[in-house]
Amino acid sequence: MDKDEMPRQNWLTSLEEEKVAQTLQFMLNRASSTIGCIVIFNVDHDSEKDAKSLAIKLIRLSNNPLPPSFSYEGEEVHQNPTLVDDLTPVKYQDINFSFVDKTFFEQTFLIVLLSGIGEQDQRAYAYINVRLDRVDEFLNVFGGDTLRNAYDYCTVIQTGLGEPLEEVTQKFQSDYLFGSKVINVRFFKKSTNNY
């Protein structure tokens, strides 16, 4: 998993990208969101507590927040949730981010499943990867009436009509650590290379 951006699974033509953008635009006004994985880069022993605090704030962005399960790169992902006092959903603009939280914004990625009613009243879904420093802009742009290209604000990993098939769900659980009972929070250690 690259720090700057995860690769797009399918390369789409510009017409297909426009259709995805239109579907996301339409869906986002009536979509539910489920965060399945949070990835935070450049975490070390001194910053781990702050990274965990940020992740706990972010899990509440889901419509039905799940408890977090923390692990570092290279460790086995486990389904043992960390107890959290409050899992009440909140809106992004209602989260009080500290100065320290904001230092992680460019290094934090959310893997999110959006699901809702797409065009022509068909159920649709989209798995997206959005960097935390782009979440506010993503929500503002797609909450409005202006059609924008989804790829300017997030990486669309996969979309489809209906509900994700079991094989898609399994792929996201194995390849993207998308949790079904917990939100997997994955820390990548701070690089020790001094270039």
**Message:** Any residue in region 173-195 that is on the phi > 0 side of the Ramachandran plot sitting within a Cβ distance under 7 Å of a residue that is at pLDDT 90 or above? List the pairs, counting only those 6 or more apart or interchain.
**Reply:** Leu177/Cys37; Leu177/Asn184; Leu177/Arg186
**Request:** Would you check which residues across region 40-84 are of a type outside the set (D, E, K, R), under 12 Å from Ile183 (Cβ atoms) and either touching an Asp or Glu at 6+ places or on another chain (Cβ under 6 Å) or assigned to a loop (DSSP other than H, G, I, E, B) (or both) and list them?
**Result:** Leu61, Ser62, Asn64, Pro65, Leu66, Pro67, Val77, Gln79, Pro81, Thr82, Val84
**Fill in**
Among residues of region 88-131 being closer than 18 Å to Asn63 by Cβ, among the hydroxyl-bearing types (Ser, Thr, Tyr) and in a strand (DSSP E or B), the residue modelled with the highest pLDDT is Tyr127
**Item:** Where a residue in region 30-49 is closer than 24 Å to Ala124 by Cβ and its partner, wherever it lies, is of a type outside the set (S, T, N, Q) and in a loop (DSSP other than H, G, I, E, B), with Cβ under 7 Å and at least six apart
**Value:** Ser33/Leu61; Ile35/Leu61; Gly36/Phe178; Gly36/Gly179; Cys37/Tyr176; Cys37/Leu177; Cys37/Phe178; Cys37/Gly179
**region 50-84 - residue that is modelled with pLDDT of 90 or more and β-branched (Val, Ile, Thr) and, of those, nearest to Ala126 (Cα to Cα)** = Ile59
**Message:** Report every pair of residues separated by at least 6 positions or lying on different chains whose Cβ atoms are under 9 Å apart, first residue within region 63-75 and closer than 16 Å to Phe188 by Cβ and without any contact (Cβ under 8 Å) to a residue 24 or more places away in the chain, second aliphatic (A, V, I, L, M) and in a strand (DSSP E or B).
**Reply:** none
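Quick grid of which residues meet (1) more than 20 Å from Val43 (Cα to Cα); (2) crowded, with 18+ Cβ neighbours inside 10 Å; (3) modelled with pLDDT under 90; (4) of a type in the set (Val, Ile, Thr):
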site: Asp133; (1), (2), (3), (4): no, no, no, no
site: Gly144; (1), (2), (3), (4): yes, no, yes, no
site: Asp175; (1), (2), (3), (4): yes, no, no, no
site: Val182; (1), (2), (3), (4): yes, yes, no, yes
site: Val185; (1), (2), (3), (4): no, yes, no, yes
**Request:** Answer yes or no as to whether Arg60 is among the basic types (Lys, Arg) and within 20 Å of Val156 (Cα to Cα).
**Result:** no
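The values are calculated or read from the model by the stated rules, or taken from the named source; none is laboratory data. Since the structure is predicted, the reported quantities are computational estimates derived from the model, not experimental observations. As a convention, Cβ positions derive from the backbone with ideal geometry for all residues, glycine included, and neighbour counts pool all protein chains shown.
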